[in-house]
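*Asks:* Before anything else, here's the structure in question.
The values are calculated or read from the model by the stated rules, or taken from the named source; none is laboratory data. Since the structure is predicted, the reported quantities are computational estimates derived from the model, not experimental observations. As a convention, Cβ positions derive from the backbone with ideal geometry for all residues, glycine included, and neighbour counts pool all protein chains shown.
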């Protein structure tokens, strides 16, 4: 392999924005911020939670209501 072409590899600290959990992963960045992790993701918890970013859920529900009325 050529020297000097590969990125530096870190044992990165990842921070979950939903539950606040911090865990270690391998990455080319020293720190990471994620929206959901295995502790709070609906697939792993079995609970339905809606992570609303910029009102997307409300906009979808309004469009759905308009299409059902028509």
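*Asks:* For the range 21-39, state whether one or more residues are modelled with pLDDT under 90 and loosely packed, with under 10 Cβ neighbours inside 10 Å.
*Replies:* no
*Asks:* Looking at the range 53-67, is at least one residue out of contact with any helix residue (DSSP H, G or I) (no Cβ under 6 Å at 6 or more places or on another chain), modelled with pLDDT under 85 and surrounded by 11 or more Cβ atoms within 10 Å (Cβ to Cβ)? Spell out how you get there, then give the answer.
*Replies:* Taking the range 53-67 first, the residues out of contact with any helix residue (DSSP H, G or I) (no Cβ under 6 Å at 6 or more places or on another chain) are 53-67.
Add one more test, that the residue is modelled with pLDDT under 85, and what stays is 53-58.
Within this subset, residues satisfying the condition of being surrounded by 11 or more Cβ atoms within 10 Å (Cβ to Cβ) are 56-57.
Among the residues of the range 53-67, at least one is out of contact with any helix residue (DSSP H, G or I) (no Cβ under 6 Å at 6 or more places or on another chain), modelled with pLDDT under 85 and surrounded by 11 or more Cβ atoms within 10 Å (Cβ to Cβ), which makes the answer yes.
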